[in-house]
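Encoded as structure tokens, the structure appears first; notes follow it.
Read the figures in this text as sums done on the coordinates, not as results from a lab. Small disclaimer: the values here were computed from a predicted structure and weren't measured. As a convention, Cβ positions derive from the backbone with ideal geometry for all residues, glycine included, and neighbour counts pool all protein chains shown.
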Amino acid sequence: MTDVNMTALPNRMFYQRMALEIVKLPANLISIGEYAFYQCYGIWYIDFPSTLTTIYNYAFSECDNLQQVILPEGVTSLGYGSFRSCDNNKYVKLPSTLKSISEECFRYNLSLQKIDFAEGLTHIHKCAFYECYSLRSLHFPNSLYYIGDAAFAYNRSLSEVEFNEGLYQICDNAFYDCDGLTKVTLPSS
């Protein structure tokens, strides 16, 4: 779709299109609507345009074969559960323009091994990375201020967490049942 002149991908545009494998979005796309690629089980690659700013609720939820999520600079908003239950997603790279990770955004990304947080991120909301079983370590950016309820709960492979200076609040059960934790570095703040 790189040559298609479209700034907003409508809600449910490719809803349950299970045969889709590779997605190359319009070059001037600004937003991706709710459930736009919901349950597109075959998608393993998405090429996000540099103009993208907003991904709405459940846009890529249950894209089981998605291998990685690399969001371009300029993305400012991820909706509730936007990448929820992407079982084979192994890597997430977030832009510095993203200030907040919404509730359940990457919940049940069972194969997620690495997250690259960028400076600029201030909030990680409730259950954002809940049950990401393969995640082994976390290093937060200095800009992070808040970690919500159960944000990283049930991440049983998580062995190392390094909290940043300036972190203000870690909410209830943020790291509940993270039985593999062996090293936690707390900031003086």
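Tabulated data for the structure shown
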{"read-out": "Residue satisfying condition, being surrounded by fewer than 18 Cβ atoms within 10 Å (Cβ to Cβ), basic (Lys, Arg) and touching a residue at least 40 places away in the same chain (Cβ under 8 Å), within set LYS90, LYS126, LYS99", "value": "LYS90"}
{"read-out": "Complete set of residues in region 28-41 that are surrounded by 15 or more Cβ atoms within 10 Å (Cβ to Cβ) and either in a loop (DSSP other than H, G, I, E, B) or not β-branched (Val, Ile, Thr) (or both)", "value": "LEU29, ILE30, SER31, GLY33, GLU34, TYR35, ALA36, PHE37, TYR38, GLN39, CYS40, TYR41"}
{"read-out": "Tally, over region 1-29, of residues that are touching an Asp or Glu at 6+ places or on another chain (Cβ under 9 Å), under 22 Å from GLU73 (Cβ atoms) and of a type outside the set (S, T, N, Q)", "value": "5"}
{"read-out": "Residue check for LEU66: of a type outside the set (Ser, Thr, Tyr), farther than 21 Å from ILE22 by Cα, part of a loop (DSSP other than H, G, I, E, B) and out of contact with any helix residue (DSSP H, G or I) (no Cβ under 9 Å at 6 or more places or on another chain)", "value": "no"}
{"read-out": "Cross-chain or 6+ apart pairs with Cβ under 6 Å, region 1-20 first and in a strand (DSSP E or B), then surrounded by 13 or more Cβ atoms within 10 Å (Cβ to Cβ) and of a type outside the set (A, V, I, L, M, F, W, C)", "value": "ALA8/SER31; LEU9/GLY33"}
